[in-house]
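The values are calculated or read from the model by the stated rules, or taken from the named source; none is laboratory data. Note that the structure is predicted; figures quoted are calculated from it, not measured. Ideal geometry is used to build each Cβ from the backbone, glycine not excepted, and the neighbour counts take in all protein chains shown.
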Amino acid sequence: MQDVELHRDAALERSSEFENPGLPPHRKRQTDLHPEKAKRAERTVFTWFLVSALGSIIAVAAYIAVPITPGDLTTTRMNNLLLGLGIALALLSIGIGAVHWSKQLMSDEEHVDPRHATRGSDATRAKAVEVFTLGDQESGFSRRSLIRNSLIGALAVVPLPAVVLFRDLAPADEVPTDVFAHTMWETGTRLCLDPTGTPIRAEDVSYGSAFHVIPEGLEESHHPLDEKAMAAVLLMRLPADALNESPERAGWSYDGIVAYSKICTHVGCPVALYEQQTHHLLCPCHQSTFDVKNHCKVIFGPAKRPLPQLPITVDDEGYLIAQRDFTEPIGPSYFERLHDVDEDEHVQVAGTTTEQRA
Ligand code: FES
């Protein structure tokens, strides 16, 4: 009789089976055999965790000591380089320390753990606690207080660079809502072409064109890009009889010329598309459409309020100037917005109709 027996439904020959060789014998490491080497490994792990904490401190110190000067790429690069090196050192050192700890000091004996039902029996759960306790004893987590505490210290310091970075996203000397409530526009600030900074005469604003406008003196301001992001304005001239101006805003335009914030009230994209036949402004991000004829009321899209209007007039030389700053915060709406509105000056437009204003 053939000595090869076939299993039913399986192409497996019994003669091809082999004995489970089991786990290889455990080989002790130098740190298992010599306590002084285990002590040295412990000091090495401690040193890595210490280096990690130093890396975090270096990142914070570098961020403060090498500030970014607006417009200066060298300081930007240096700041980013030192910050990156500090954070990299902090994270890398924790990783190296943890690997060294597990390789040199934690138990490296292999165990076979047969599969079982997901929920173990009470005896198994009790065993788990026992194994956990054993792991704690073998790793020395509770016993080696120097390593444990230095790891906890390093982990506690690691988030510091992130805290400093996120906190620094808002100006330190102002509450964030103030940032949107005021722009560079003041009484008498000339309207200038973006990006040349050339002042604009009223007579130069032709029908059908939209001027991209910045305030005079923008380049000399402390943070030109930040200021521009808030003070950018669109200037358009409409036939005087096409404007449906509310009585509250009589005098905010000049001879059919109107100025509105360029920052979309949805989530802040620049509203840059002007349709001269319908006098609509379109935001390219989510297609909010504003009707220039009616105080930039929202006629389509997700924006919830009109673009803020900048009151303008001309000076003695015929240049367009601002009468004052915006009377409401520019840009996206937020919960505290109405607290920042000058109630005496604010004009509610969103709910009114063309007929009401006419
Ligand atoms: S940012 Fe303008 S529509 Fe969304």
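Table: residues versus (1) closer than 14 Å to residue 321 by Cβ; (2) under 38 Å from the mean Cα position of the chain (by Cα); (3) in the same structural domain as residue 183 (by TED's automatic domain parsing); (4) of a type outside the set (Gly, Ala, Ser).
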{"site": "202", "(1), (2), (3), (4)": "yes, no, yes, no"}
{"site": "223", "(1), (2), (3), (4)": "no, yes, yes, yes"}
{"site": "243", "(1), (2), (3), (4)": "no, no, yes, yes"}
{"site": "259", "(1), (2), (3), (4)": "yes, yes, yes, no"}
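Given (1) closer than 17 Å to residue 326 by Cβ; (2) more than 10 Å from the ligand (Cβ to nearest atom), identify the lone condition not met by residue 264.
Looking at each condition in turn, residue 264 falls short on (2).
Look through region 311-338, keep the residues that are of a type in the set (A, V, I, L, M, F, W, C) and within 21 Å of the chain's Cα centre (by Cα), and return whichever of them is modelled with the lowest pLDDT.
Residue satisfying both the conditions and the ranking: 335.
Looking at residue 304 and the list (1) over 17 Å from residue 249 (Cα atoms); (2) within 32 Å of the chain's Cα centre (by Cα); (3) touching a residue at least 60 places away in the same chain (Cβ under 8 Å), which single condition is not satisfied?
Among (1) over 17 Å from residue 249 (Cα atoms); (2) within 32 Å of the chain's Cα centre (by Cα); (3) touching a residue at least 60 places away in the same chain (Cβ under 8 Å), the lone unmet condition for residue 304 is (3).
Any residue in region 263-292 that's on the phi > 0 side of the Ramachandran plot: show its pairings with residues that are more than 9 Å from the ligand (Cβ to nearest atom) and not in a loop (DSSP other than H, G, I, E, B) at Cβ separation under 8 Å, as long as the two are six or more apart or on different chains.
What qualifies is 279/236; 279/242; 279/291; 279/292; 279/293; 287/300.
Within the group 118, 187, 183, which residue is out of contact with any Pro (no Cβ under 7 Å at 6 or more places or on another chain), in the same structural domain as residue 259 (by TED's automatic domain parsing), in a loop (DSSP other than H, G, I, E, B) and surrounded by fewer than 17 Cβ atoms within 10 Å (Cβ to Cβ)?
Residue meeting the stated conditions: 187.
Results for (1) part of a helix (DSSP H, G or I); (2) surrounded by 12 or more Cβ atoms within 10 Å (Cβ to Cβ); (3) modelled with pLDDT under 90; (4) not basic (Lys, Arg), shown as yes or no for each residue.
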site	(1), (2), (3), (4)
15	yes, no, yes, yes
18	no, no, yes, yes
24	no, no, yes, yes
28	no, no, no, no
32	yes, yes, no, yes
38	yes, yes, no, yes
41	yes, yes, no, yes
45	yes, yes, no, yes
52	yes, yes, no, yes
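Residue check, residue 252 against (1) part of a loop (DSSP other than H, G, I, E, B); (2) within 13 Å of the ligand (Cβ to nearest atom); (3) of a type in the set (A, V, I, L, M, F, W, C), all met but one. Which one?
(2)
Only residues that are surrounded by 13 or more Cβ atoms within 10 Å (Cβ to Cβ) and assigned to a loop (DSSP other than H, G, I, E, B): list them for region 121-146, please.
140, 141, 144
Scan the strands (runs of 3 or more DSSP E) fully inside region 275-329 and keep the ones with 2 or more residues being within 14 Å of the ligand (Cβ to nearest atom) and in contact with a His (Cβ under 9 Å, 6 or more places away or on another chain).
289-291, 297-300
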